[in-house]
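The values are calculated or read from the model by the stated rules, or taken from the named source; none is laboratory data. None of these values were measured; they are calculated from a predicted model. Reconstructed Cβ throughout: ideal geometry from the backbone, glycine too, with neighbour counts over all protein chains shown. For accessibility, only protein heavy atoms count, side chains too; no ligands or nucleic acids. Shrake-Rupley method; radii C 1.70, N 1.55, O 1.52, S 1.80 Å.
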Amino acid sequence: MVNQHKGMLHKVCNLYCATDYDKQDLFQEIVIQLWRAYPRFRGDSKFSTWLYRIALNTAISDLRKQKNLIKSVEPDLLPTEIQDIQYNKDKEEKLAQLYKAIHQLPEIERGIVMLYLDDKSYEEMEEILGINQNNLRVKMNRIKEKLRKLTKAVEHGVG
């Protein structure tokens, strides 16, 4: 079941971690938490909804623990080969700005954005996050406005 939803788990890890090492570590922690919690899964909701809830709660808890630790930063490895890939540089830059802005949001707001970008309905988001749909809609509108401001700040060199 975890293999079927591996992509979803990697999205959570990518949203809450910066380095590959941290992403792998969080992925393992999520799998452990899923394994521990599975006996309590009653089937009242879809498996993917339950999985999202466990993954997001684990990621947020892990992030809060990490805030208390001293972090060391390793320099990123530079690519040894440059591939000739056709891509839209402008689109890629805008996407990078969006993700940079998303990383500046508080943990819960990042989770809401991830679920929104995954085309989850407000009903599913309510079930996963435990926040009622009206509050989610209000939060989503506020988050969109924050992201607009953050991406404009990054675009103009302020952020």
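Here Met8 and Asp44 are evaluated by their C-beta separation; at R0 = 30 Å the FRET efficiency comes out at 0.95. Taking all protein chains together, Met1, Met8, Met140 sort by accessible area into Met1, Met8, Met140, largest first [probe 1.4 Å]. Stretching Glu29 away from Arg64 to a fully extended chain increases their span by 11.2 nm, per 0.36 nm per residue minus the current alpha-carbon distance. When you filter the chymotrypsin sites (Phe, Trp or Tyr not before Pro) in the range 86-127 for DSSP loop state and at most 16 other Cβ atoms inside 10 Å of their Cβ, you are left with Tyr87.
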